[in-house]
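Structure first, commentary second.
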Amino acid sequence: MSEIKEILSKNKTIAMIGVSKNSSKPSTIVMKYMQKYGYKVIPINSSAKGEKILGEEVFGKLDEIKIPIDIVDVFRPSKEAVEIAKDTVKIGAKVLWLQLGISSNEAKAIVESNNIDYVENRCTKMEYQKIFLKKVQAFPLLINR
């Protein structure tokens, strides 16, 4: 828990891969929530490139972003994690964070061998609530809609 608290305390710029234009999707709810608590969240979605989601320009790929990224937060299937891990290393991000239900031993090995922190099968929103707001919700996606 202290490692996650440190990650969320020190790292305020998030590239969120798989954010949807649909405001009821978990990725968009998490993006909005993290923005509310002071994080700069840059959406990555190749099918919405150039559009805006929650006021932020959407990029097609990580390497298109021109500012330093702290956390690469992933809402994509586990099978895509290895390529995302390689891209995370290329852009010099500090953390690869795979959301609930997503994990990859190979992605973990790639980022950890490059001194990048790795989190899997956890939700940034839920972890933030638990650590900083002392809230634990059984179904957090319905909160703050």
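For Met16, which of the numbered conditions (1) crowded, with 23+ Cβ neighbours inside 10 Å; (2) among the hydrophobic types (A, V, I, L, M, F, W, C); (3) part of a helix (DSSP H, G or I) fails to hold?
Going through the list (1) crowded, with 23+ Cβ neighbours inside 10 Å; (2) among the hydrophobic types (A, V, I, L, M, F, W, C); (3) part of a helix (DSSP H, G or I), Met16 breaks only (3).
Being β-branched (Val, Ile, Thr), touching a Leu at 6+ places or on another chain (Cβ under 8 Å) and closer than 20 Å to Glu106 by Cβ narrows it down to one of Ile29, Ile44, Ile17, so name that one.
None of the other options fit; the residue is Ile17.
Only the coordinates and a few stated rules stand behind these numbers; no lab work does. These figures come from a predicted structure and were not determined experimentally. Note that each Cβ is placed from the backbone with ideal geometry, even for glycine, and that neighbours are counted across all protein chains shown.
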